[in-house]
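To start, the structure under review is shown below, and the notes come after it.
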Amino acid sequence: MSERTSYEAGTPCWVELAGTPDFDAAERFYRDLLGWEIPEQPTSAEMGGYRRAQLRGKDVAGASPVMQDGQPCVWATYVSVDDADATLAKVRDGGGQVIVEPLDVMGLGKMAVFTDPTGAVCGIWEPGTFAGAELVNEDGAFGWNELGTRDVAAARDFYGRVFGWTVEEQAMGEMGTYYVWKDGDASRGGMMDMTGMVPDEVPPNWLVYFTVPDAAAAAETTSSAGGQVLNGPVDISVGRLAVLTDPQGAAFAVLQPNEETRTTAP
């Protein structure tokens with residue numbers, strides 16, 4: 001198991017199904033796919049209906065309701081930071097835009113949301129009593145976060161300023177170059193150039209990868225439940241992946257890690 005009680009600053013620490021129109025439907029789908037429960041909690045009413053998805057009683061993801069008309073259902077990534085205000089100052093200096101100013105969440109921590117200069121939305125989390133996901137890098141939990149952008153150079157500069165990340169380039173054959181976000185020797189996530197790879201109407205975004213034992217079975221479960229298979233399953237160097245949407249339209253990926261990837265996962 002990969003249990004967490006803390007995260008280094010600059011590490012994706014939480015993912016959230018934002019704009020959930022139907023919690024019961026979401027729970028049915030993600031229970032079948034990932035083994036989750038998404039119960040209403042004693043604090044849900046105080047937090048505007050917010051819930052936390054759980055796997056074996058451990059928090060693995062958030063789920064928030066629709067907050068305004070026309071809000072799409074999407075998966076969001078949050079990066080752990082030491083100081084939300086200081087981080088947002090770097091966001092502004094780097095050409096990003098702040099969507100949600102730092103908000104104290106009942107002592108659990110402070111959250112904020114911004115868009116990077118290429119148009120992708122990203123969240124930050126300054127931990128209080130809550131660090132983030134209690135399980136990662138195992139079946140049913142998130143294991144990777146990937147920026148899709150059409151301006152790699154701008155993204156490299158921006159996230160380097162904001163989080164101190166550098167980039168390691170990896171040749172992917174016909175798929176071109178893949179970019180791994182690095183913080184020293186630690187990998188923090190990935191980046192891909194969407195140009196020509198993804199339909200033009202799809203905006204830049206942070207894609208959440210969930211670890212599964214069988215990517216083909218996950219794709220079948222998704223399709224049978226009314227979701228969509230957007231890509232794959234396809235073999236890559238670290239395993240087998242598929243890009244999917246749930247029945248409420250939220251896009252995400254699943255990764256069936258190969259043996260080496262499972263062994264080396266932090």
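Okay, here's what the table says:
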{"read-out": "V162 vs. criteria at pLDDT 95 or above, buried (at least 16 other Cβ atoms within 10 Å of the Cβ), in a strand (DSSP E or B) and not charged (D, E, K, R)", "value": "no"}
{"read-out": "Counted residues, region 114-126 - those being open to solvent by less than 20 Å² (accessible area, probe 1.4 Å) and not in a strand (DSSP E or B)", "value": "2"}
{"read-out": "Any chance E201 is open to solvent by 20 Å² or more (accessible area, probe 1.4 Å), part of a loop (DSSP other than H, G, I, E, B) and either farther than 18 Å from D32 by Cβ or not aromatic (F, W, Y) (or both)", "value": "yes"}
{"read-out": "Matching residues, region 204-238, being without any contact (Cβ under 8 Å) to a residue 40 or more places away in the chain, of a type outside the set (A, V, I, L, M), in contact with a strand residue (DSSP E or B) (Cβ under 7 Å, 6 or more places away or on another chain) and in a helix (DSSP H, G or I)", "value": "S223"}
{"read-out": "Residue within region 75-83 that is of a type outside the set (D, E), at pLDDT 95 or above and open to solvent by 40 Å² or more (accessible area, probe 1.4 Å) present", "value": "no"}
{"read-out": "Hits in region 165-180 (condition: in a loop (DSSP other than H, G, I, E, B) and buried (at least 18 other Cβ atoms within 10 Å of the Cβ))", "value": "W165"}
{"read-out": "Residue that is nearest to G160 (Cα to Cα), among those in region 181-196 that are part of a loop (DSSP other than H, G, I, E, B) and without any contact (Cβ under 8 Å) to a residue 40 or more places away in the chain", "value": "G184"}
{"read-out": "Wholly enclosed strands (runs of 3 or more DSSP E) of region 1-113 bearing at least 1 residues without any contact (Cβ under 8 Å) to a residue 24 or more places away in the chain and over 17 Å from the mean Cα position of the chain (by Cα)", "value": "97-104"}
{"read-out": "Total residues in region 38-60, condition of a type in the set (D, E, K, R) and exposed (fewer than 15 other Cβ atoms within 10 Å of the Cβ)", "value": "3"}
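Residue-wise test of (1) within 30 Å of E8 (Cα to Cα); (2) surrounded by fewer than 17 Cβ atoms within 10 Å (Cβ to Cβ); (3) aliphatic (A, V, I, L, M).
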| position | (1), (2), (3) |
| --- | --- |
| A219 | no, no, yes |
| T222 | no, no, no |
| A225 | no, yes, yes |
| Q228 | no, yes, no |
| N231 | no, yes, no |
| G249 | no, yes, no |
| F252 | yes, no, no |
| P257 | yes, no, no |
| T264 | yes, yes, no |
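Per-residue answers, yes or no, for (1) among the aliphatic types (A, V, I, L, M); (2) farther than 29 Å from R51 by Cα; (3) modelled with pLDDT of 95 or more; (4) surrounded by fewer than 16 Cβ atoms within 10 Å (Cβ to Cβ):
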residue: G128; (1), (2), (3), (4): no, no, yes, yes
residue: E146; (1), (2), (3), (4): no, no, yes, no
residue: A155; (1), (2), (3), (4): yes, yes, yes, no
residue: R188; (1), (2), (3), (4): no, no, yes, no
residue: T195; (1), (2), (3), (4): no, yes, no, yes
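The values are calculated or read from the model by the stated rules, or taken from the named source; none is laboratory data. This is a predicted model, so every value here is computed, not measured. Virtual Cβ from ideal backbone geometry, glycine too; neighbours counted across all protein chains shown. Keep in mind that these areas ignore ligands, DNA and RNA; they rest on the heavy atoms of the full protein, side chains included. Shrake-Rupley method; radii C 1.70, N 1.55, O 1.52, S 1.80 Å.
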